[in-house]
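Enquirer: To start, I am sharing the structure in question, which I have written as structure tokens.
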Protein chains: 2
Amino acid sequence: MAAIEKVSLAEKFSRFSEPWSPKIIGQVNDFHVKAVKLKGEFVWHHHEKEDELFLVVQGKLRMRLREGEVTVNPGEFIIIPRGVEHMPVADEEVQVVLLEPASTLNTGNLRNERTLEKLERL
Amino acid sequence: MAAIEKVSLAEKFSRFSEPWSPKIIGQVNDFHVKAVKLKGEFVWHHHEKEDELFLVVQGKLRMRLREGEVTVNPGEFIIIPRGVEHMPVADEEVQVVLLEPASTLNTGNLRNERTLEKLERL
């Protein structure tokens, strides 16, 4: 087996710049840990089967929900349960760690020009 | 459905002090997110089926492995694959976010006085 190494979030975030393009930075059983940068507005979507955790590392994430908006700051996370429509918004760049089943598609129930079928591993 | 609320790691860590007693602070499908404080040495153990992610929020975690020791600092994580023996050590208090399948027992393959069968939710 390969040596077990720690992962630095700052190092991972330093290795890419494009927003809305999650990178896989770890796997825990059938879950993926992803690093993603957000900038601007995403699209309203939901995930049929997957809950999704957004942990903010840097910046301010505005999570729009049909019931209202929640602002998530560094050191805070929000879990969006499966079936719940959401739209992440970032006025300035936000660094987020995502934790979700490996089966999760970034655009959930939608397939459009923002859909990424295969994610890079960093 | 209840309103979706964000979770502050600092707020969760402020609500308990005893070491080696993980608290459940979130659930993502069949995974638990836990907050735990470490102080001193734990015991050598492994988990038969569960990988385990340790994200350090504060302090310095020394993760002893049979292959050597890895020091994990704030903003860094280490994933211990199932089957791999490990012993967390904290010279000073360390705040850690654990991410692991809900089935994970803190002492893994061992049951002893440090085993916690049922975890509190914070």
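Yes/no matrix, rows are residues, columns are (1) away from chain B (no Cβ under 14 Å); (2) under 13 Å from the mean Cα position of the chain (by Cα); (3) of a type outside the set (S, T, N, Q):
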| position | (1), (2), (3) |
| --- | --- |
| A:ALA3 | no, no, yes |
| A:SER8 | no, no, no |
| A:SER14 | no, no, no |
| A:PRO19 | yes, yes, yes |
| A:ILE25 | no, yes, yes |
| A:LYS34 | no, yes, yes |
| A:LEU38 | yes, yes, yes |
| A:TRP44 | yes, no, yes |
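Enquirer: Do you know which of the residues in the range A:44-58 that are open to solvent by 30 Å² or more (accessible area, probe 1.4 Å) and outside any strand (DSSP E or B) is nearest to A:ILE78 (Cα to Cα)?
Expert: Among those residues, the one meeting the criterion is A:HIS46.
Enquirer: Taking the range B:73-121 as the region of interest, how many residues are of a type in the set (S, T, N, Q), open to solvent by 70 Å² or more (accessible area, probe 1.4 Å) and within 23 Å of A:GLY75 (Cα to Cα)?
Expert: 0
Enquirer: Something else now. Taking B:ASN29 and the conditions (1) more than 12 Å from the chain's Cα centre (by Cα); (2) more than 7 Å from chain A (Cβ to nearest Cβ), which numbered condition does it fall short on, given that it satisfies the others?
Expert: (2) is the only condition that B:ASN29 fails.
Enquirer: Continuing with this model, one more query. Can you name the number of the only condition in (1) touching a Leu at 6+ places or on another chain (Cβ under 9 Å); (2) within 30 Å of A:GLU48 (Cα to Cα); (3) surrounded by fewer than 19 Cβ atoms within 10 Å (Cβ to Cβ) that B:GLU5 fails?
Expert: Going through the list (1) touching a Leu at 6+ places or on another chain (Cβ under 9 Å); (2) within 30 Å of A:GLU48 (Cα to Cα); (3) surrounded by fewer than 19 Cβ atoms within 10 Å (Cβ to Cβ), B:GLU5 breaks only (1).
Enquirer: Could you pull out every one of the strands (runs of 3 or more DSSP E) wholly within the range B:63-122 that has 2 or more residues that are without any contact (Cβ under 8 Å) to a residue 24 or more places away in the chain?
Expert: Output list reads B:68-72.
Enquirer: Are any residues in the range A:88-114 within 14 Å of another protein chain (Cβ to nearest Cβ) and hydroxyl-bearing (Ser, Thr, Tyr), and if so, which ones?
Expert: A:SER103, A:THR104
Enquirer: Let me ask something additional. Here is a list: A:GLU5, A:GLU11. Which entry is modelled with pLDDT under 95 and either out of contact with any Asp or Glu (no Cβ under 6 Å at 6 or more places or on another chain) or part of a strand (DSSP E or B) (or both)? Before you say what the answer is, go through the steps one by one.
Expert: On the way: A:GLU11 fails: modelled with pLDDT under 95.
Residue meeting the stated conditions: A:GLU5.
Enquirer: Further, regarding this structure: So in the range A:11-43, with the set limited to residues that are surrounded by 15 or more Cβ atoms within 10 Å (Cβ to Cβ) and free of Cβ contacts under 8 Å to residues at least 12 places away in the same chain, which one is nearest to A:ARG121 (Cα to Cα)?
Expert: A:VAL28
Enquirer: Just checking, how many residues over the range A:59-70 are open to solvent by 10 Å² or more (accessible area, probe 1.4 Å), more than 8 Å from chain B (Cβ to nearest Cβ) and in contact with a strand residue (DSSP E or B) (Cβ under 7 Å, 6 or more places away or on another chain)?
Expert: 5
The values are calculated or read from the model by the stated rules, or taken from the named source; none is laboratory data. Everything quoted here is computed from the prediction, not taken from an experiment. As a convention, Cβ positions derive from the backbone with ideal geometry for all residues, glycine included, and neighbour counts pool all protein chains shown. Each accessible area value is taken on the protein alone, full model and side chains, heavy atoms only, with ligands, DNA and RNA left out. Shrake-Rupley method; radii C 1.70, N 1.55, O 1.52, S 1.80 Å.
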